[in-house]
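Report on one structure; see the data block that follows.
The values are calculated or read from the model by the stated rules, or taken from the named source; none is laboratory data. All values derive from a computational prediction rather than experimental measurement. No Cβ is skipped: glycine too gets one built from the backbone with ideal geometry, and neighbour counts run over all protein chains shown.
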Amino acid sequence: MFDFHVVGGTALRTLIDASRPDIVETVRSAYLTHGDGESVNPNSYFLRFPEKPDARIIALPAHLGGEYGVSGIKWIASYPRNIERNIPRASATLLLNDYETGYPFACLEASQISSARTAASAVLGAQELTGGRTADRICLVGAGVIARNIAEFFAAQSWSVNRFVVFDQNPSYAASLARRIGELGYGAEQADSFEQATADADIVVFATTAPEPWVTRTDAFAAGQTVLNISLRDLGADVIAGAQNILDDVDHCLTANTSPHLAEQLLGHRDFIDGTLADVLRGKVAPATDRPRIFSPFGLGVLDLAVGQRLFQQAVDKGLAVPVPGFFGETQRWS
């Protein structure tokens with residue numbers, strides 16, 4: 001009961017590299033468990049700074065029942081200006097708690113976990129909305145850590161892709177991601193404009209740090225095109241309103257001025273939402289063919305718990321978790 005371990009990011013990266021398909025299945029299972037109501041996932045709490053309006057630290061508390069039976073919290077900082085120092089935008093820790101006693105049993109470096117569960121969610125959404133693992137052209141808008149992880153998860157899921165196209169406001173970032181995709185065995189090219197990048201793309205992935213919508217043309221996407229709205233704030237409300245909208249959790253996604261939240265404010269209702277990814281997984285909602293299909297995952301704390309717990313157990317089994325003897329100062333109420 002009183003064991004406590006720390007798992008560092010280097011160990012987690014090693015484990016993630018070896019288990020991406022398993023992580024996708026873990027995310028699938030967590031979505032279904034959450035969809036069945038066997039979870040507690042309160043709203044995220046955003047800590048913001050007046051002198052740094054683009055920065056925030058987010059607390060994601062959650063409990064995941066079913067086969068998991070774990071509680072915990074992810075504490076993740078998002079500092080977009082970090083990229084000017086050539087360091088990742090996000091840093092995070094994940095604390096796991098025993099459901100029976102509430103005692104924490106592990107602390108994990110969580111930026112790797114967060115990137116992995118985000119990428120797994122994106123690739124799972126792409127698979128379910130396209131009906132397979134084949135695409136002629138996949139467009140990645142934004143060329144940071146999340147986009148890199150998404151490309152790696154496409155490869156780990158053995159997607160057949162003729163060509164990736166990368167667009168970023170910084171051409172050097174796009175070139176770096178295109179090189180990484182080439183290392184994964186796919187053809188990749190840079191695009192000079194958003195319009196060039198998205199033209200004829202089967203799947204368009206947004207993984208940017210945009211604070212507000214900049215894609216506002218209602219004809220930006222074609223019927224049957226699949227859009228993974230991972231960064232959540234690139235798309236205008238009218239673009240959302242004209243598409244089939246699949247979310248990971250309706251109440252969570254309609255907060256914090258995400259693109260779906262802006263659409264709700266514009267329209268005054270939620271009728272534009274067609275369902276959740278769990279609904280698609282259960283066969284309750286079919287992908288549309290007469291409109292663009294947009295998947296907007298807010299990023300649920302239960303996914304961090306599911307992936308974190310599985311990786312923690314692997315770390316223990318492989319001797320990669322570092323025990324902290326005497327972490328708890330008192331283990332008896334009375335001696």
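Points worth noting:
- Restricted to strands (runs of 3 or more DSSP E) entirely inside the range 1-111, those with at least 3 residues that are within 26 Å of residue 252 (Cα to Cα) are 45-49, 52-64, 70-78, 90-98, 104-109.
- You will find that of 240, 273, the residue that is surrounded by 13 or more Cβ atoms within 10 Å (Cβ to Cβ), among the β-branched types (Val, Ile, Thr) and over 30 Å from residue 22 (Cα atoms) is 240 and no other.
- Pairs with Cβ under 6 Å, 6+ apart, first in the range 301-312 and β-branched (Val, Ile, Thr), second crowded, with 24+ Cβ neighbours inside 10 Å and not in a helix (DSSP H, G or I): 302/64
- Options 35, 8: the member that is crowded, with 17+ Cβ neighbours inside 10 Å and not polar (S, T, N, Q): 35
- Qualifying residue in the range 129-145 (condition: among the β-branched types (Val, Ile, Thr), in contact with a Ser or Thr (Cβ under 7 Å, 6 or more places away or on another chain) and at pLDDT below 95): yes
- Of the criteria (1) farther than 21 Å from residue 9 by Cα; (2) touching a residue at least 12 places away in the same chain (Cβ under 8 Å); (3) of a type in the set (A, V, I, L, M), which one residue 315 fails: (1)
- Count - residues of the range 159-179 that are free of Cβ contacts under 8 Å to residues at least 24 places away in the same chain, of a type outside the set (A, V, I, L, M, F, W, C) and closer than 22 Å to residue 210 by Cβ: 3
- Criterion: surrounded by 19 or more Cβ atoms within 10 Å (Cβ to Cβ), assigned to a loop (DSSP other than H, G, I, E, B) and either under 16 Å from the mean Cα position of the chain (by Cα) or outside the structural domain of residue 75 (by TED's automatic domain parsing) (or both) - qualifying residue of 328, 298: 298
- Per-region count, the range 219-243, residues in contact (Cβ under 8 Å) with a residue 12 or more places away in the chain and more than 19 Å from residue 257 (Cα to Cα): 7
- Test: residue in the range 85-94 that is of a type outside the set (A, V, I, L, M, F, W, C), more than 20 Å from residue 12 (Cα to Cα) and at pLDDT below 95: yes
- The residues of the range 121-156 that are assigned to a loop (DSSP other than H, G, I, E, B) and touching a strand residue (DSSP E or B) at 6+ places or on another chain (Cβ under 6 Å) amount to a single one, 143.
- Exactly one residue out of 207, 178, 263 is touching a Phe, Trp or Tyr at 6+ places or on another chain (Cβ under 7 Å) and buried (at least 16 other Cβ atoms within 10 Å of the Cβ): that is 263.
- Every pair of residues 6+ apart whose Cβ atoms lie under 8 Å, when the first sits in the range 105-133 and is over 23 Å from residue 79 (Cα atoms) while the second is modelled with pLDDT under 95 and among the aliphatic types (A, V, I, L, M): none
- Test: residue in the range 85-99 that is outside the structural domain of residue 316 (by TED's automatic domain parsing) and of a type in the set (S, T, N, Q): no
- Residues (under 11 Å from residue 220 (Cα atoms) and either touching a residue at least 24 places away in the same chain (Cβ under 8 Å) or in contact with a Ser or Thr (Cβ under 9 Å, 6 or more places away or on another chain) (or both)) located in the range 180-199: 194, 198
- Every test in (1) surrounded by fewer than 21 Cβ atoms within 10 Å (Cβ to Cβ); (2) touching a Pro at 6+ places or on another chain (Cβ under 8 Å); (3) not assigned by TED's automatic domain parsing to the domain that holds residue 311 is passed by residue 125 save one, and that test is (1).
- Qualifying residue in the range 203-216 (condition: on the phi > 0 side of the Ramachandran plot and either in contact with a Ser or Thr (Cβ under 9 Å, 6 or more places away or on another chain) or assigned by TED's automatic domain parsing to the domain that holds residue 145 (or both)): no
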